[in-house]
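Participant: Submitted below is the structure of interest, expressed as structure tokens.
The values are calculated or read from the model by the stated rules, or taken from the named source; none is laboratory data. Here the structure is a predicted model, which means the values were calculated and not measured. Reconstructed Cβ throughout: ideal geometry from the backbone, glycine too, with neighbour counts over all protein chains shown.
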Amino acid sequence: MTVRTRADLSALPSYVPGKTIPGAIKLASNEVSAGPLPSVVRAIADAATAVNRYPDNAATDLVARLGDKLGVAPERVAVGCGSVTLCQQVVQATCTEVDEVVFPWRSFEAYPIITQVVGAQQVRVPLTAGHGLDLDAMAAAITPKTRLVFVCNPNNPTGTALRTEQIEAFIERVPRDALVVIDEAYREFVDDDAVPDGVELAKRQWAAGRDNVAVLRTFSKAYGLAGLRVGYAVASPEVAETLRKVYVPFSVNALAQVAAIASLDAEDELMARCRAIVGERARVRSELLAAGFEVPKSQANFVWLPLGERTAAFNEHCLAHKVVVRAFVGEGARVTIGEPEENDAFLAAAKSF
Ligand code: PMP
């Protein structure tokens, strides 16, 4: 007799993280290349002396800080072990196996995996020809079984972003018993005023009586804490409460909690870093365009090269130049914006492709 694991999981692909190759420049995981600030490292070191104790399960201080920063009541904030875990929590909070999760595709790789792991039904909606979310097609894909819709803005891996009026018109078309989750993992890199701050957009929806809008954000990207795993959701009190119920106890650890708070203390410095990355993004894109690549306008800390069948060869070429990008074979390559010299190394590789 062998152990019987769930048959429906046997065909499930595993999440494939960006590779780390010794001696190569990693532009594969949308991390910030600069290391953590000294003040953050000190906070982590101080907290390390107390790791014999469990962390605060409610992350009370962090939740209070986030509520203050965002101008929302703390009962609207739920934390998670990275926003990927919050993606899972929202599926768990809304879906049973007959229910449907609508999401754009290609988008964040975790959406289909998590939906299947939780045991709900996936409804993938292809992107537009311009590599953006097709909100008309997403609205058309909604059925009475739809409990959850992911709107990834800016979209990973294409970097495209939706404008305020597009998202608002879309929300109008979603039944109020289905939750719209705006995944804003890359919010801090947005420099186009037409792209909404999802939390402000959600507040307007709540004020208009629509409680079915939630926002996910993370400390992994702009705040440089990818290795510590902490993200947060902003939602109606009822949805946030359900997210807390499906939260695996203590999953945002004590070091992550203090590091997130120390990062909020150093927000000005971290946001200045983001602006430098945004400047580099413009430079990288314009050099790629000049070299003849198609590069959709990006509002995130990466660019997308829709290389189609040439993707695998481009990936190999970059690897030969000791630059690790994220290839989606047959579709394109996603390249994180790093420090100027890392971007120079990537550009040199790309131009010689
Ligand atoms: N959402 C999107 C769109 C992402 O790209 C990512 C990270 N790749 C996440 C969520 C999850 O990030 P984390 O779990 O590190 O917070």
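Participant: Taking the range 41-62, which residues are within 16 Å of the ligand (Cβ to nearest atom) and of a type outside the set (Gly, Ala, Ser)?
Facilitator: The answer is LEU62, and nothing else.
Participant: Hey, among ASP183, ASP177, ASP211, which residue is acidic (Asp, Glu), in contact with a Phe, Trp or Tyr (Cβ under 8 Å, 6 or more places away or on another chain) and closer than 25 Å to GLN122 by Cα?
Facilitator: Only one candidate qualifies: ASP183.
Participant: On to the next question. Please determine, by comparing only the residues of the range 102-129 that are part of a loop (DSSP other than H, G, I, E, B) and among the charged types (D, E, K, R), which one is nearest to the chain's Cα centre (by Cα).
Facilitator: GLU109
Participant: From the list GLY67, GLY23, GLY18, which residue is away from the ligand (no atom under 16 Å from the Cβ), under 22 Å from the mean Cα position of the chain (by Cα) and either part of a helix (DSSP H, G or I) or outside the structural domain of HIS131 (by TED's automatic domain parsing) (or both)?
Facilitator: GLY67
Participant: Looking at the range 203-227 only, could you name the residues that are closer than 29 Å to LEU37 by Cβ, of a type in the set (A, V, I, L, M, F, W, C) and without any contact (Cβ under 8 Å) to a residue 60 or more places away in the chain?
Facilitator: VAL215, PHE219, listed by residue number.
Participant: When both residues are 6+ apart or on different chains and their Cβ atoms are under 7 Å apart, which pairs have a first residue that lies in the range 32-54 and is over 30 Å from PHE189 (Cβ atoms), and a second that is at pLDDT 95 or above?
Facilitator: ALA48/LEU255; ALA50/ALA254; VAL51/ALA254; TYR54/PHE250
Participant: Specify the residue that is surrounded by the most Cβ atoms within 10 Å (Cβ to Cβ); the eligible residues are those in the range 70-84 that are in contact with a Pro (Cβ under 8 Å, 6 or more places away or on another chain) and part of a helix (DSSP H, G or I).
Facilitator: ARG76
Participant: While we're on this one: Out of ARG147, ARG173, which single residue is basic (Lys, Arg), surrounded by fewer than 21 Cβ atoms within 10 Å (Cβ to Cβ), touching a residue at least 12 places away in the same chain (Cβ under 8 Å) and not assigned by TED's automatic domain parsing to the domain that holds ASN301?
Facilitator: Unique residue meeting the criteria: ARG173.
Participant: Continuing with the same structure: So which residues in the range 143-177 are more than 16 Å from the ligand (Cβ to nearest atom) and in a strand (DSSP E or B)?
Facilitator: THR146, ARG147
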